[in-house]
There are 2 protein chains.
Amino acid sequence: MIVIDAASPTPPYEQLRAQLARQIQDRSLAVGTRLPTIRRLAADLSLAVNTVARAYRELEEAGLIETRGRAGSFVSAAGVQALDRAHSAARDYAAVVTSVGIDPAEAVRIVEAALGVRQR
Amino acid sequence: MIVIDAASPTPPYEQLRAQLARQIQDRSLAVGTRLPTIRRLAADLSLAVNTVARAYRELEEAGLIETRGRAGSFVSAAGVQALDRAHSAARDYAAVVTSVGIDPAEAVRIVEAALGVRQR
DNA sequence: TGCCATGACTCAACATGTTGATACAAAGCT
DNA sequence: AGCTTTGTATCAACATGTTGAGTCATGGCA
């Protein structure tokens, strides 16, 4: 079940991406499952095709899904196990920074720096 | 030495904040050091007062500096040791996610979720 | 080969974030 | 008390990000 809150400050495409990523991570969407087409999902959620397409594109860049052209988009095997370990490591990191009293926003920026991600 | 790249996609206030945070973290700016006034720094860097003020405000929220009204802004003792441990933990996390091949942008979002930070 | 359902692309309207000029409030100093 | 220097708040102009409608390119299939 996916719900988009139009009143939320986080944009719809990101809400959708996050919810799909979560369902993949907790196996609600098993590896190999075919996702709905972007038009179908857009219609169901009353979103623009573009919005759903962007969520799918980002999931593909992250290695969570594969798009096989005409055949549709599928949950990829590669990313799922990696996600588990990343979540576990993230919990460890969160525990450290909260225990030393670092501001969460700053903690995120520190990780961005460590990963070499261009800051927001 | 602080340089602001006006052509960079990361906004000036964030560039400034990041560079000050780094100088505090590597002790170029020792605990107790008085920072330049926002007007002085704004003039030196050819920025608006507001831009420097925002960088200082965020550093204060993060616990890295203290502003003592009329007397100016100073590097705070509290945050610095915490920063060290956070940086160390962030390097650990970065090592894990890169070793399992997670996309850096996704790795950042996973940490945001673990920290309960509202996504971008 | 023609069909047609799939995701990718383009572009204008709109929403949000950022900056810079200006005015304000607080507080130490003489 | 008055002056001066500090950071703070307000607000309009501008830049960037997001959305939605429409069009295009691709490729499997009868």
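Using R0 = 51 Å, the C-beta based FRET efficiency linking B:SER99 and B:ALA71 works out to 0.60. To test your reading of the geometry: what angle, between 0 and 90 degrees and rounded to tens, separates the Cα axis of helix A:104-115 from the longest principal axis of chain A? Relative to chain A, helix A:104-115 is tipped by roughly 80 degrees.
With R₀ set to 30 Å, the beta-carbon distance separating A:GLN19 from B:SER46 gives a calculated FRET efficiency near 0.10. For B:LEU29, the amide hydrogen comes within under 5 Å of the amide hydrogens of B:ILE24, counting only partners 5 or more places away or on other chains and with H modelled in the peptide plane. For the protein assembly as shown, a crude dipole built from +1 on the beta carbon of Lys and Arg and -1 on the beta carbon of Asp and Glu, taken about the Cα centre, is about 340 debye to the nearest 20. Shape index of chain B: Rg/Rh, with Rg the Cα radius of gyration and Rh the Kirkwood radius from the inverse mean 1/r over Cα pairs, equals 1.01. Applying 0.36 nm per residue to the separation of B:ARG57 and B:ARG39 and subtracting their alpha-carbon distance, the gain on full extension is 5.1 nm. Near the amide H of B:SER76, within less than 5 Å, lie the amide hydrogens of B:GLY32, B:ILE65, B:GLU66, all on another chain or at least 5 residues away, with H placed in the peptide plane.
FYI, it's all coordinate maths here, none of it is from the lab. Predicted model only: the values in this text are computed from it and were never measured. Methodologically, a virtual Cβ is constructed for each residue, glycine included, from the backbone with ideal geometry; neighbour enumeration extends over all protein chains shown.
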